[in-house]
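**Q** Submitted below is the structure of interest, expressed as structure tokens.
We did not get these values from a lab; they are worked out from the coordinates using the rules stated. Only a predicted model underlies this, so the values are computations on that prediction, with no experimental measurement involved. In this analysis, Cβ positions are derived from the backbone assuming ideal geometry, glycine residues included, and neighbour counts consider all displayed protein chains.
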Number of protein chains: 2
Amino acid sequence: MKKFALLLLLQITFGYSQTNDDEQMLNAIYKSALTESHCYSWLDDLSNKIGQRLSGSKGAEQAVLYTKQQMETLGLDKVYLQEVMVPKWVRGKKETAYLKVADQIYNFPICALGMSVATPKNGISANIIEVKSLDELKLLGSNKVKGKIIFFNRPMNPEFIETFRAYGSCVDQRSSGAREAGKLGAVGVIVRSMNLRLDDFPHTGMTNYGDTAIEDRIPAAAISTNGAEKLSKLLKNNSNSSFYFNQSCQAFEDVLSYNVIGEITGSEHPERIMVVGGHLDSWDLGDGSQDDGAGCVQSMTVLELFKKINYKPKNTIRVVLFMNEENGVKGGLKYEEESAKNKENHIFALESDSGGFTPRGFSIESDEKNYQKIASWKNLFEPYLIHIFIQGHSGTDIGPIKSNKIVKVGLQPDSQRYFDYHHAANDTFDSVNKRELELGAATMTSLMYLIDKYGIE
Amino acid sequence: MKKFALLLLLQITFGYSQTNDDEQMLNAIYKSALTESHCYSWLDDLSNKIGQRLSGSKGAEQAVLYTKQQMETLGLDKVYLQEVMVPKWVRGKKETAYLKVADQIYNFPICALGMSVATPKNGISANIIEVKSLDELKLLGSNKVKGKIIFFNRPMNPEFIETFRAYGSCVDQRSSGAREAGKLGAVGVIVRSMNLRLDDFPHTGMTNYGDTAIEDRIPAAAISTNGAEKLSKLLKNNSNSSFYFNQSCQAFEDVLSYNVIGEITGSEHPERIMVVGGHLDSWDLGDGSQDDGAGCVQSMTVLELFKKINYKPKNTIRVVLFMNEENGVKGGLKYEEESAKNKENHIFALESDSGGFTPRGFSIESDEKNYQKIASWKNLFEPYLIHIFIQGHSGTDIGPIKSNKIVKVGLQPDSQRYFDYHHAANDTFDSVNKRELELGAATMTSLMYLIDKYGIE
């Protein structure tokens with residue numbers, strides 16, 4: 001009774017209403033996703049037949065062809081590739097690292113951070129200094145930093161309930177550590193992996209040298225969380241020990257790659273575009289199932305489900321599998337460039353790039369009016385246990401899209417396990433649960449349906 | 001503004017209020033759980049040092065001693081064992097099964113269902129008939145069933161969002177299949193595993209012969225979901241093929257075991273008892289981390305967290321680790337028997353027995369007034385992403401507890417992956433995520449705190 005009253009209040013206040021039709025439509029969407037979609041088998045192929053898809057790699061090339069082919073089986077109105085030049089960075093041989101304390105050698109699992117320069121061929125050896133933050137580094141000053149390796153060891157904060165918040169407040173060490181330490185004369189950087197769990201996987205991810213000249217760039221690597229704990233402990237009693245690491249990663253000229261695009265033309269407003277997407281590239285250590293194979297196949301499933309339930313959208317529904325989110329966002333930038341050139345009108349964009357776990361809701365980037373409109377659909381999503389409707393960041397790839405009026409949304413899956421896998425060798429297919437992945441796809445399709453039907457304000 | 005208005009409405013209507021104190025208390029509880037609790041390391045010991053804990057087994061005995069010892073380190077007012085006689089059933093050697101089609105042998109992964117009788121020493125061979133339900137079995141009648149092995153092959157329905165609902169509408173095949181098929185003269189039963197995923201793990205679980213005389217009981221085994229699919233396909237073209245299976249499981253006389261109990265005496269109402277618990281026994285194939293090691297260590301953590309944040313409960317808080325939920329519920333029944341004998345007054349009972357995944361909310365067994373009271377705390381739980389407050393089943397072990405006035409609640413974790421592991425060899429420690437487990441413990445502790453503070457109606 002109270003719930004009904006509240007609903008009535010919302011409907012009177014905002015003039016939105018949902019009908020039984022919507023309930024039935026969402027029911028059909030979730031049912032189709034859970035019983036007949038290709039979502040999981042697409043991910044199986046992408047992860048297990050193709051594998052890692054770092055920009056410029058063989059895997060990325062194969063993934064472009066594979067997803068284009070699969071979209072061509074869906075009876076869409078258009079499937080095409082959009083050219084984009086992307087960085088090509090190659091890890092080279094397996095990295096090695098150790099601490100030497102007197103005659104004892106302690107080995108550590110490390111991996112080069114994405115876009116890092118290599119060490120000299122025989123590696124680097126230097127004293128290592130542990131800091132918890134960029135501020136602490138700056139306080140040390142160049143006198144103490146010069147000639148040293150800097151070890152950034154601030155853990156992700158376990159107290160945040162949303163793990164993305166812990167990531168956001170920690171990742172500056174990885175993204176800016178090498179740049180800032182280099183300015184002070186350090187010779188290398190070791191960064192604690194962005195992982196809430198204690199384990200042996202080093203997690204890569206982009207390091208950003210900014211405008212540092214190439215010859216002034218210092219090599220940067222991630223160390224596993226267990227490794228970071230052990231190294232820190234050893235350094236407490238052996239502060240003058242020598243740390244060694246060796247990596248042979250290399251950057252090449254940019255190469256041609258593609259965003260993969262498929263669309264259903266709108267029946268009433270073909271000129272109004274609603275984008276749904278994820279990024280097709282991944283890091284090179286695992287197979288990128290969570291980041292972001294999941295988001296790609298879920299986005300493709302939106303079109304598949306519309307076809308299966310025979311829903312003909314009023315607006316143009318466009319799936320975009322963006323290339324190069326991980327180390328450049330060139331795909332997202334190129335997409336916006338082309339869109340501006342063609343004077344396209346985007347009304348909505350939805351991204352899934354937070355893993356393939358049980359969907360919990362949406363992070364909505366819009367004005368208050370459209371936020372309230374989407375939030376007023378909460379009751380429709382309740383049977384599917386979708387409950388998070390917050391205002392916040394939507395997605396990196398859809399970030400560049402500009403339009404006169406556009407609402408952007410990010411799918412929010414359960415985030416507790418995400419950073420166990422993120423950018424690491426264990427981001428593999430077995431970490432994805434079929435039902436969780438499918439529920440995410442259904443949740444995205446449902447929102448696309450509601451926006452298509454009711455428009456934005 | 002609207003949320004505030006609703007809150008006000010609830011407070012006016014029901015006269016409940018929450019203060020900043022409560023917000024701070026929940027904050028302290030979650031923080032402590034995520035940063036300093038023993039929850040995960042206890043589960044590590046229980047799973048990896050002790051392992052499976054089927055009633056009457058060595059593991060169950062060790063688990064009783066271990067959890068008692070651990071509770072003794074918490075500075076509780078009482079820690080004790082409650083004697084209970086439990087069934088002892090032993091699986092024996094690894095089961096085997098195959099279908100013979102002409103000269104070809106197709107092997108299948110099976111496991112005896114819990115409490116099943118053995119096959120004769122050399123196994124059973126018979127024609128096998130597939131049915132989807134007990135109704136279909138009955139329609140066949142004894143003429144067609146006599147001398148046959150019955151293959152129950154109705155899959156769990158993937159369309160249900162809550163997987164426990166799919167389980168509930170499917171498990172009659174496992175619990176009653178052997179009894180009903182036996183009545184019609186079948187010689188054995190093979191049941192599709194209660195698992196939404198297609199894989200190679202057979203899932204055990206109790207089969208219930210009811211009042212069937214021991215000599216009339218027929219052996220029952222579970223087959224993996226992949227096995228069930230393959231067997232069904234083979235039978236379509238080879239309906240007269242002979243199926244063979246062999247299992248050597250055995251039931252012994254009941255043996256002495258224990259419920260493990262620890263408590264903090266209430267400072268104001270020591271006679272009012274609030275129970276929190278899970279079950280210490282597990283099936284024998286995995287190590288029972290999800291079912292129900294998780295619930296046990298979470299329950300112990302409730303007491304640990306109260307101690308750590310220095311909260312002194314008004315009512316007596318009693319952790320009960322029940323023995324024998326899986327094949328008899330003797331621990332739950334014994335607990336109520338002793339409680340009635342001692343004229344104890346229970347006001348509240350909370351059980352965690354749905355896995356150690358991210359907590360989503362509560363299933364509340366109470367009158368409307370107390371349900372509304374608990375639901376009015378929804379806003380306090382919102383920062384922790386706890387959103388399910390439904391009326392429904394609480395828990396099997398706390399089921400028998402009777403009291404003049406009692407509210408019972410079951411913790412509801414995310415259920416999507418639960419039946420991938422339930423009663424199977426892959427229910428092991430690696431399937432549990434530390435943060436998810438700890439969030440569950442904090443959610444339970446928070447509810448215990450609120451009930452302790454505000455009482456029941």
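**Q** Using Cα centres only, tell me the gap between the range A:298-356 and the range A:41-72 in whole Å.
**A** 17
**Q** For residue A:246, what charge total do you get from the other residues with a beta carbon under 13 Å from its beta carbon, if Lys and Arg give +1 and Asp and Glu give -1?
**A** In short, +3.
**Q** What residues have an amide H closer than 5 Å to that of residue B:186, excluding those fewer than 5 places away on the same chain, when H is modeled at 1.01 Å from N in the peptide plane?
**A** B:147
**Q** What's the exposure ranking of A:217, A:53, going from fewest to most Cβ atoms within 10 Å?
**A** Fewest-to-most Cβ neighbours within 10 Å comes out as A:217, A:53.
**Q** From the backbone phi of the range B:89-101, what are the Karplus-calculated ³J(HN,Hα) couplings (6.51 cos²θ - 1.76 cosθ + 1.60, θ = phi - 60°) in whole Hz, Gly and Pro given as x?
**A** 10, 10, 5, x, 6, 4, 6, 10, 7, 8, 10, 10, 10
**Q** Something else about it: Let me have the relative contact order for the range A:92-248, percent, based on Cα pairs under 8 Å that are six or more residues apart.
**A** About 39 percent, as a whole number.
**Q** I've got another one for you. Dipole size in debye (nearest 20) for the protein assembly as shown around its Cα centre, Lys and Arg Cβ +1, Asp and Glu Cβ -1?
**A** Charge dipole of the protein assembly as shown: 300 debye, to the nearest 20.
**Q** Moving on. Roughly how far apart, in whole Å, are the Cα centres of the range B:427-457 and the range A:264-291?
**A** 37
**Q** Give me the dipole magnitude in Debye, nearest 20, for chain B about the Cα centre, with unit charges on the beta carbon: positive for Lys and Arg, negative for Asp and Glu.
**A** 900
**Q** Right, next: By Kyte-Doolittle mean hydropathy of at least -0.5 and Cα axial length of at least 27 Å, which whole DSSP H helices of chain A are selected? Provide the component values of the computation, followed by the final result.
**A** Values: long enough: A:434-454 (30 Å, -0.04).
Correct list, ordered by number: A:434-454.
**Q** Please state the shape class of the range B:388-427: rounded when a/c is under 1.5, otherwise prolate if a/b exceeds b/c and oblate if not, all from the C-alpha gyration tensor.
**A** Note, shape of the range B:388-427 comes out oblate.
**Q** Going by how many other Cβ atoms sit within 10 Å of their own, how do A:291, B:200 line up, fewest first?
**A** B:200, A:291
**Q** Along the charge dipole of the protein assembly as shown, which of A:395, A:206, B:147 sits closest to the positive end, that is, farthest toward it, with unit charges on the beta carbon of Lys, Arg, Asp and Glu (+1, +1, -1, -1)?
**A** The Cα lying farthest towards the positive end belongs to B:147.
**Q** Viscosity 1.567 mPa s, temperature 4 °C: what is the translational diffusion coefficient of the protein assembly as shown from Stokes-Einstein with a Kirkwood Rh over Cα pairs, rounded to a whole number of µm²/s?
**A** Rounded, D is 43 µm²/s.
**Q** Report relative contact order for chain A in percent, whole number only (criteria: Cα-Cα under 8 Å, sequence separation at least 6).
**A** In percent, rounded to a whole number, it is 22.
**Q** Please list the non-local residues whose amide H lies under 5 Å from the amide H of residue A:389, H modeled 1.01 Å from N, same-chain partners needing a gap of 5 or more.
**A** HN-HN under 5 Å from residue A:389: A:362.
**Q** Classify chain B as rounded, prolate or oblate from the Cα gyration tensor: take a ≥ b ≥ c as the square roots of its eigenvalues, call it rounded if a/c is under 1.5, otherwise prolate when a/b beats b/c and oblate if not.
**A** Prolate, since a/c reaches 1.5 and a/b exceeds b/c.
**Q** When averaged across all projection directions, what area in nm² does the alpha-carbon convex hull of the range A:98-208 cover?
**A** 7.6
**Q** Ok, one more. Hey, what do the phi angles of the range B:154-159 turn into as Karplus ³J(HN,Hα) couplings, whole Hz, using 6.51/-1.76/1.60 and θ = phi - 60°, x for Gly and Pro?
**A** 8, x, 5, 7, x, 6
**Q** Related question: List the lysines whose Cα lies under 20 Å from the Cα of residue A:314, skipping any in the same chain that are fewer than 8 positions away.
**A** A:78, A:343, A:373, A:405, A:408, A:453
**Q** Enumerate the calculated ³J(HN,Hα) couplings along the range A:281-287 in order (Karplus 6.51 cos²θ - 1.76 cosθ + 1.60, θ = phi - 60°), each rounded to whole Hz, writing x wherever the residue is Gly or Pro.
**A** So the J values, rounded to whole Hz, are 6, 9, 6, 9, 8, x, 10.
**Q** At 222 nm, what helix-only mean residue ellipticity would the protein assembly as shown give, in deg cm²/dmol to the nearest 500, using -39500 (n - 2.57) for each DSSP H run of four or more?
**A** Values: 28 runs with 316 residues, N = 914.
The helix contribution divided over the protein assembly as shown gives -10500 deg cm²/dmol.
**Q** Same structure, new question: Local charge sum around residue A:274 (other residues, Cβ-Cβ under 10 Å, Lys/Arg +1, Asp/Glu -1)?
**A** Counting the neighbours of residue A:274, the net charge comes to +1.
**Q** For residue B:31, what charge total do you get from the other residues with a beta carbon under 13 Å from its beta carbon, if Lys and Arg give +1 and Asp and Glu give -1?
**A** Once positives and negatives cancel, what remains is -2.
**Q** Amide H of residue A:199 versus every other amide H placed in the peptide plane: which residues, excluding those fewer than 5 positions away on the same chain, fall under 5 Å?
**A** Hits under the 5 Å cutoff: A:225, A:226.
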